[in-house]
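Trainee: Here's a structure for you.
The values are calculated or read from the model by the stated rules, or taken from the named source; none is laboratory data. Just so it is clear, the structure is predicted and the values come from calculations on it, not from any experiment. Methodologically, a virtual Cβ is constructed for each residue, glycine included, from the backbone with ideal geometry; neighbour enumeration extends over all protein chains shown.
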Amino acid sequence: MTTPFFFVFRSQADATFGKPVYGEEKWAHRYGRAELGPKCFYETIKCPEYVAHMRSGKRLTDLQVILSSDNIGDLVWSWSNDCIITERVRQLLQAQDFRGYITRPVEVIKIKKKAKTIMTELPSLWELVVTGSGGVIHEASGVRLKYTCDKCGLRRYSNPTQDGILVDNNQWDGTDFFRVEPYGYILVSERVKEFISHNNLVNCALFDSTKFTFAKSFL
Ligand SMILES: [Zn+2]
């Protein structure tokens, strides 16, 4: 078996994270981010022992957004990095057998700036919800579990000592869309990377996960 390659899938081809293998930096300026609407509610996780462990958990509602303009790419990202896709992309994805995601409807409540002179109907938007898991980042990253609260499940990890979102293949569930603890970055398989570049999907970026320069943000 060959070692699989993975890619960090994110909103911007931001050079601070290294050289992207896909995506253009100008897209971030061309396509603004979506704001969350007032009806996005999140679960609150309360610890029976420690008040400081209180945090927000899963979103309980479908995503509700305010778009910055009606000029949208194949993907739209919210300020909290929710990944939104157009109906066209959803159909393209459905024609594949990728695993590790579901789609949920997105409600657009407002468009701040309408640039298009001819009123065309906005495509339906969907949230791409990542469900796959790569377990915890590979121990070669230097990240170690430092603390677990047995009352509420809160876990604390040490910071990475080297770059790269390193996947431990023994913990990866084999999905095409997944995350590794304790980070929020979306990781995708090589097949998804081929799919994105083959379809020239606009307004997203891919980075080689092993070269993703994120560790300095913890210094
Ligand atoms: Zn706790």
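Trainee: If we scan the stretch 157-177, do we find a residue that is part of a strand (DSSP E or B), within 16 Å of the ligand (Cβ to nearest atom), free of Cβ contacts under 8 Å to residues at least 60 places away in the same chain and more than 30 Å from ASP70 (Cβ to Cβ)?
Mentor: yes
Trainee: Answer yes or no: is there a residue in the stretch 193-200 that is modelled with pLDDT of 95 or more, assigned to a loop (DSSP other than H, G, I, E, B) and more than 16 Å from the ligand (Cβ to nearest atom).
Mentor: Yes: one or more hits.
Trainee: Within the stretch 163-199, which residues are of a type in the set (A, V, I, L, M, F, W, C) and over 24 Å from GLN96 (Cα atoms)?
Mentor: Once the filter is applied, which keeps residues that are of a type in the set (A, V, I, L, M, F, W, C) and over 24 Å from GLN96 (Cα atoms), the stretch 163-199 yields ILE165, LEU166.
Trainee: Anything in the stretch 55-68 that is within 14 Å of the ligand (Cβ to nearest atom) and either within 20 Å of TRP126 (Cβ to Cβ) or without any contact (Cβ under 8 Å) to a residue 60 or more places away in the chain (or both)? List them, or say none.
Mentor: Across the stretch 55-68, the qualifying residue is only GLY57.
Trainee: Let me ask something additional. In the stretch 1-107, which strands (runs of 3 or more DSSP E) lie fully inside it and hold 2 or more residues that are among the hydrophobic types (A, V, I, L, M, F, W, C)?
Mentor: Counting at least 2 such residues, we get 6-10, 63-69, 75-77, 83-86.
Trainee: Take the conditions at pLDDT 95 or above, more than 16 Å from the ligand (Cβ to nearest atom) and among the small types (Gly, Ala, Ser) and apply them to GLY135. Does it pass?
Mentor: Values: at pLDDT 95 or above: yes; more than 16 Å from the ligand (Cβ to nearest atom): yes; among the small types (Gly, Ala, Ser): yes.
The answer is yes for GLY135.
Trainee: Residues of the stretch 10-54 being within 16 Å of the ligand (Cβ to nearest atom), farther than 28 Å from ILE109 by Cβ and not small (Gly, Ala, Ser), which ones? Before the answer, list the steps.
Mentor: First pass over the stretch 10-54, keeping only residues within 16 Å of the ligand (Cβ to nearest atom): 43-54.
Still in the list and also farther than 28 Å from ILE109 by Cβ: 46-54.
Selection gives LYS46, CYS47, PRO48, GLU49, TYR50, VAL51, HIS53, MET54.
Trainee: Sort out which residues of the stretch 133-152 are touching a residue at least 24 places away in the same chain (Cβ under 8 Å), more than 15 Å from THR210 (Cα to Cα) and assigned to a loop (DSSP other than H, G, I, E, B), and write them in order of number.
Mentor: Passing the criteria: CYS149, LYS151, CYS152.
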